[in-house]
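Q: Below you'll find the structure I mean.
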């Protein structure tokens, strides 16, 4: 591989084997030069102004290598390109030979290039514009040299637009600057547009002309209605635009050099214009048009009246009860000038107070309100302002819930009307359950205490501040140490017990082993609490109503106990000589008929036992003697007896 040009001899030698003898042979061949391609070489050089460097660009095939020589300068070819910079040329035309050395693929070649050195360059600008349809935007395009500066004057319909050449007005592409100039709302007709380039230090002035036409549109003329009401300074102006319901696009209102745009919805658009000063305005409203309707323009007048309303400033007030602070109202016009002799109505807590502003536009009132939060409604003319009034209490206590005679007590903090704590030793007063108590402030934070030793119940405690007379009330709830007690209605000697639960200082059940005393029917009984803190008493009294009192650590609770009878009998009147029965009814502990229970009847000193039937009744046959007589019969069950009268009549 890779043999160079020349003549070559090749020798082949065979080593021989068991059958053949060794042998050799020789051959000759030559390597000649491969034919080369002719390279395509393009040489360019832009005209320059005297004092600039000339640039010669040599373009060869991309895979070409080797060197290029221009005059006495030689440059290597990189990616098929060689670039030469030649300084110091004066005015005139210069021709330079350009020689490519060739390489393994391409033959050498040679070409001349001419460089023009001038004081300014002639460049013919161009201008173009496409024909459009009425309502469309006309786009005029001006093409300029890529390094041009200065400005372009575009003239259409005797109207000139002078446009400076800068990054915002032109775009560069392939060494050429493109300038776009647009025209809206051109009417049907033929137009000639002229573009005049001013020239600069490098380029001579130039101009160009183009023609285009605006064809009549097939779109309809849109009927546009524009309305706007008068407003008061400080309000937003509202412009309402109505077009056909199927119209789309945008409408723009122009006033004072500012544009406001809104989209059409169902043929209607609302444009809000803020911050108009007092005066009369002509607002130009433009509809952009759409596929069905041509653009349209209409003016509307807006009157902005001066604002004659008042401005109210009434700061919120936070003060202590009977403090010196006042509620202050300042009234000004919309420019901030004080308004004197204005009537001010202030409504607080349902009461309206009238005041008049002074020369500073100020009115004020004292605040003798109880502690609390209030809304102050201020009305001047037709303007309303609402402020918040906060009267801080100078007596601050909290509701308490405590167990009968535990360590919880009532505390209150006292201040003067400027928020300072009352001094140590100051006498304050408490009223609870109709009794007044005087106590002294203790310490530096206005704190006073009242011990609560009342019986169980709910109370209102009123703390009174002697400095300003403020009174503040709290709820005091004293919980009995004996709870879950209730009135009982039970049948004679059934299993129902009277129970109470005992709680300790912490409000929790005390547990087992605490002694509770019960008093019922004049007899005292003591019982111990179980692990749940409950003490129980069996009720074995005869039928009747009783009051039971439970006592624990000086705390007492009372309930009503009603014992219902279980044994009933009725007086009997019978005729002499006839047989009749005396009836008694027995109920069990739940009030149901008590079956097969023995009742004892005692009549005339004789005792008889009878058993109840399934309906709870027991019967005794009566066969007593005299024609006219009365007998007392006593019926007994389980220690309880009832007596009745049996009367014998002829």
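The values are calculated or read from the model by the stated rules, or taken from the named source; none is laboratory data. Since the model is a prediction, treat every value here as computed from it, not as a measurement. Glycine gets a Cβ as well: all are built from the backbone with ideal geometry, and neighbour counts include every protein chain shown.
Q: Just checking: which of the strands (runs of 3 or more DSSP E) contained wholly in region 559-650 hold 2 or more residues that are surrounded by 17 or more Cβ atoms within 10 Å (Cβ to Cβ) and either outside the structural domain of residue 494 (by TED's automatic domain parsing) or more than 60 Å from the chain's Cα centre (by Cα) (or both)?
A: On the way: elements: 567-569, 572-575, 580-586, 598-603, 606-611, 617-622, 629-637, 640-649.
In region 559-650, the matching strands (runs of 3 or more DSSP E) lie at 567-569, 572-575, 580-586, 598-603, 617-622, 629-637, 640-649.
Q: Any idea which of (1) surrounded by 15 or more Cβ atoms within 10 Å (Cβ to Cβ); (2) assigned to a strand (DSSP E or B) is the one residue 386 doesn't satisfy?
A: (1)
Q: Of the conditions (1) modelled with pLDDT of 90 or more; (2) surrounded by 11 or more Cβ atoms within 10 Å (Cβ to Cβ), residue 48 clears all except one; give me its number.
A: (1)
Yes/no per residue for (1) under 39 Å from the mean Cα position of the chain (by Cα); (2) surrounded by 19 or more Cβ atoms within 10 Å (Cβ to Cβ); (3) touching a residue at least 12 places away in the same chain (Cβ under 8 Å):
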{"position": "303", "(1), (2), (3)": "no, no, yes"}
{"position": "307", "(1), (2), (3)": "yes, no, yes"}
{"position": "311", "(1), (2), (3)": "yes, no, yes"}
{"position": "315", "(1), (2), (3)": "yes, no, yes"}
{"position": "318", "(1), (2), (3)": "yes, no, yes"}
{"position": "322", "(1), (2), (3)": "no, yes, yes"}
{"position": "327", "(1), (2), (3)": "yes, yes, yes"}
{"position": "336", "(1), (2), (3)": "yes, no, yes"}
{"position": "347", "(1), (2), (3)": "yes, no, yes"}
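Q: If you don't mind, there's one more thing I want to ask. Does any residue of region 280-296 turn out to be modelled with pLDDT under 95 and within 36 Å of the chain's Cα centre (by Cα)?
A: No, region 280-296 contains no residue that is modelled with pLDDT under 95 and within 36 Å of the chain's Cα centre (by Cα).
Q: Could you check region 421-447 and list, in sequence order, the residues that are in a loop (DSSP other than H, G, I, E, B), out of contact with any strand residue (DSSP E or B) (no Cβ under 9 Å at 6 or more places or on another chain) and modelled with pLDDT of 95 or more? Let's see the steps before the verdict.
A: We begin by selecting, within region 421-447, every residue in a loop (DSSP other than H, G, I, E, B); these are 422-426, 433-434, 441, 443-446.
From the residues that got through so far, the ones that are out of contact with any strand residue (DSSP E or B) (no Cβ under 9 Å at 6 or more places or on another chain) too are 423, 434.
423 - this is the single residue of region 421-447 that is in a loop (DSSP other than H, G, I, E, B), out of contact with any strand residue (DSSP E or B) (no Cβ under 9 Å at 6 or more places or on another chain) and modelled with pLDDT of 95 or more.
Q: Here is a check on your reading of the model: is residue 193 under 19 Å from residue 285 (Cβ atoms) and surrounded by 15 or more Cβ atoms within 10 Å (Cβ to Cβ)? Explain how you work it out, then say what you get.
A: Values: under 19 Å from residue 285 (Cβ atoms): no; surrounded by 15 or more Cβ atoms within 10 Å (Cβ to Cβ): yes.
Taking the combined requirement at face value, the residue does not satisfy it.
Q: Could you tell me whether residue 399 is touching a residue at least 60 places away in the same chain (Cβ under 8 Å), at positive phi and surrounded by fewer than 17 Cβ atoms within 10 Å (Cβ to Cβ)? Quick ask: steps written out before the conclusion?
A: On the way: touching a residue at least 60 places away in the same chain (Cβ under 8 Å): yes; at positive phi: no; surrounded by fewer than 17 Cβ atoms within 10 Å (Cβ to Cβ): yes.
Criteria not met by residue 399.
Q: Taking region 160-176 as the search range and keeping residues that are at pLDDT below 90 and assigned to a strand (DSSP E or B), which one is farthest from residue 196 (Cα to Cα)?
A: Looking at residues that are at pLDDT below 90 and assigned to a strand (DSSP E or B), I get 173.
Q: Of the numbered conditions (1) surrounded by fewer than 17 Cβ atoms within 10 Å (Cβ to Cβ); (2) in a loop (DSSP other than H, G, I, E, B); (3) at pLDDT 90 or above, residue 64 fails exactly one; give the number of that condition.
A: Going through (1) surrounded by fewer than 17 Cβ atoms within 10 Å (Cβ to Cβ); (2) in a loop (DSSP other than H, G, I, E, B); (3) at pLDDT 90 or above one by one, residue 64 breaks only (1).
Q: State which residue is surrounded by the most Cβ atoms within 10 Å (Cβ to Cβ) when the search covers only region 51-61 and only residues that are part of a strand (DSSP E or B) and free of Cβ contacts under 8 Å to residues at least 60 places away in the same chain. First the steps, then the outcome.
A: At the first step, the residues of region 51-61 found to be part of a strand (DSSP E or B) are 54-59.
Checking the rest, the ones that are also free of Cβ contacts under 8 Å to residues at least 60 places away in the same chain come to 55-59.
Working: 55: 14, 56: 22, 57: 14, 58: 24, 59: 16.
Only one residue fits best here, namely 58.
Q: Among the residues of region 177-191, is any outside any strand (DSSP E or B) and either modelled with pLDDT of 90 or more or in contact with a strand residue (DSSP E or B) (Cβ under 6 Å, 6 or more places away or on another chain) (or both)?
A: Checked region 177-191: at least one residue is outside any strand (DSSP E or B) and either modelled with pLDDT of 90 or more or in contact with a strand residue (DSSP E or B) (Cβ under 6 Å, 6 or more places away or on another chain) (or both).
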